[in-house]
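One structure is given below, encoded as structure tokens.
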Amino acid sequence: MKHSFPAMCLCIAVSTFSLLAETVAPQPPQIGKVEIFKASDLRPGMKAVAWTVFSGKEPEAVPIEILGLWKNAWGPRQDVILAKMGGKAARTNVAGGMSGSPVYIDGKLVGAVALRLSVFSPDAICGITPAELMLEINDLDQSRPADARTPDKAVASNQVAVPSELLAQAVAAGASSNLPQQMPMMVPIETPLMFAGFHENVLHDFGPLFQQLGISAVQGGGASSTTYTAKPVAGWQNALRPGDPIAGVLVSGDMSVTGLGTVTYNDGKRVLAFGHPFFNLGPVDMPMSKGEVVMTLASQFQPNKFGNATDIVGALHQDRHSGIMGVLGEESEMVPVTVNVRSFGENNTIRSQKDFHFNIFVQQKWTPYLMMLTLFNSISGLNEYMDEATYRLSGEVDLKSGPPLSLSTMQASGEMPMPAPMMLAGWWGDKFNRLYLNAANSPDVKRVSVTVDLLPERRVASIESAWAGTPEVRAGDSVPVKVFLRPYRGEMIERDFNVKIPAGLAKGEHRIVLGDADSTNRMQSMAGLMNHYMDLPQTVSLINQERSNNKLYVSLLEASPTAFYEDKTLPSLPPSILNVMQAGRAANRSLVTAAESASEQMALPFDYVISGSYTLKITVK
């Protein structure tokens, strides 16, 4: 059969155009509303394309083959799309940080890469959260999920068995027949939580908790533009295209903690990402930043993106089961923290000083934990660190309303296996736990400043004995007292002082008690713990009344009852008033009583951690 020359040219032109069309790379997705591809219209074998960053800031296209629809995988009417990733993802596997990578068919948004087959899968099998499920986040209210992942509860891994018929489809579609045969698991892709400015031992000590919360703790970086402010940078309007890296910022400044994922959808104002929860906190107010990927680690065990958080461009407002949602241009409030760490020499002079400035994300359970984490990091990596050392802390928490919180303590290495920096950080975090978890309202913290002094020896001393110069006195007189303290490896410490006997003290036997902070605080602390409803002013008042463990407290005991109620100490109560109080108190407000009343006379400061107590008997004539 003969063909004319024009016809042959036409055939060649059509063939050339078809070849060019096949080799033309797809265009990266842009900011703006996009049409949704319904999950119900998907069929096995359909071809799609995902967008994610493997290195740098530019998303790359990843070919996707749809394997099937996993019905009700995450709950009633919550389907998951199973698919196989090709291209670079076939080599790297489904990596941490790919969470939220948008998937398209014919320019329509299918959903976000959000799950992966559990470890040692030789193929990049992923689970895709349908776009319809993610778009529901825009309509959610301020309710909080019951299963939020917070430091107070390490949840079990959210693993779900892959149905056998879908596993068979995966094998038939070209996946390796070596896929796990015994209950293969699809798990949410672990979110890389990047720690910049943190010492390796900190990640070692705190990493297991994040692992149990579905978070991979990795050493990362943060750009200087995220350092000291949560205000969005100029040009935020054009930030976070679909496929770009996105980060939630927990800590920023001289040290930073950021969670890395990928943008799924951006309508020009609202941004959806991850395709699974970050911490599943519900409504949040967390800074949202751009990011960059340094490299993507290829691995069948734990593939991960390593990256940096860069410019803050908005705020995350929802952290839900099917993803996170943020708003461009909005600013989140953070708590500014200043930590001064000073190292002292043998002659009690300052040898060096380091100052750290950072901001902490505000959330009632995460803020106390992050306060503990950052303080531990500030003091655990010092070159001046030594085993036989003592840490002296003084800090102030300024509130936007009400009096500040004043805190002081000392911690020394001792016989306990826990190192002193960890004990100090735990003590610090506990104060913020009590502040943020009071039953009435959350605090509005303006700023936090703390100074930690590293002293070069173990400074602990126990009260060994004491004596009174005149055991028989008259009301209104002063009694000379000498107390002896036994330090760790040192000479006995002596201290002389006078105790003023109140003019109205009844005749008879009385006791002078010399005690440490724990014994002096005991009854008041018990009353605070037993009250189920403490508002913020009462909580602040109770913490401010706590004694410091580097002082010796001198009290005069009388044989009359004391009541401890909320943040108040009511000494020497008549029995009739005490009976009325016990009968009229609310069920959720405990009244703690003691048989004696302690009238605190003085607090003697020592540069040691004081322990123990001693009692002297005196007779008032």
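Structure above, values below:
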| read-out | value |
| --- | --- |
| Subset of region 427-447 that is open to solvent by 50 Å² or more (accessible area, probe 1.4 Å) and closer than 22 Å to D516 by Cα - its residue that is nearest to the chain's Cα centre (by Cα) | D430 |
| Residue match in region 461-483 (condition: hydroxyl-bearing (S, T, Y) and outside any strand (DSSP E or B)) | yes |
| Looking only at region 490-523, and only at residues there that are surrounded by 15 or more Cβ atoms within 10 Å (Cβ to Cβ) and among the small types (G, A, S), the one that is modelled with the lowest pLDDT | S519 |
| Per-region count, region 282-321, residues among the small types (G, A, S), in a loop (DSSP other than H, G, I, E, B) and within 21 Å of the chain's Cα centre (by Cα) | 0 |
| Residue under evaluation L424, criteria (1) open to solvent by 60 Å² or more (accessible area, probe 1.4 Å); (2) in contact (Cβ under 8 Å) with a residue 24 or more places away in the chain; (3) among the hydrophobic types (A, V, I, L, M, F, W, C); (4) not in a strand (DSSP E or B), criterion not met | (1) |
| V103 being assigned to a strand (DSSP E or B) and open to solvent by less than 10 Å² (accessible area, probe 1.4 Å) | yes |
| Enumeration of residues in region 240-272 that are within 20 Å of the chain's Cα centre (by Cα), of a type in the set (A, V, I, L, M, F, W, C) and buried (at least 24 other Cβ atoms within 10 Å of the Cβ) | I246, A247, V249, L250, V251, V257, L260 |
| G275 vs. criteria open to solvent by 10 Å² or more (accessible area, probe 1.4 Å) and at positive phi | no |
| Filter pass, F301 being touching a residue at least 60 places away in the same chain (Cβ under 8 Å), under 30 Å from G127 (Cα atoms), surrounded by fewer than 15 Cβ atoms within 10 Å (Cβ to Cβ) and not β-branched (V, I, T) | yes |
| Filter result (outside any strand (DSSP E or B), under 18 Å from the mean Cα position of the chain (by Cα) and either farther than 22 Å from A217 by Cβ or among the aromatic types (F, W, Y) (or both)) within region 333-363 | E333 |
| Which numbered condition E396 misses (of (1) under 26 Å from L424 (Cα atoms); (2) charged (D, E, K, R); (3) in contact with a Gly (Cβ under 7 Å, 6 or more places away or on another chain)) | (3) |
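The values are calculated or read from the model by the stated rules, or taken from the named source; none is laboratory data. Given the structure is predicted, the values throughout are model-derived calculations rather than measurements. All Cβ positions, even for glycine, are placed from backbone atoms using ideal geometry, and neighbour counts span all protein chains on display. Heavy atoms of the whole protein, side chains included, go into the accessibility calculation; ligands, DNA and RNA do not. Shrake-Rupley method; radii C 1.70, N 1.55, O 1.52, S 1.80 Å.
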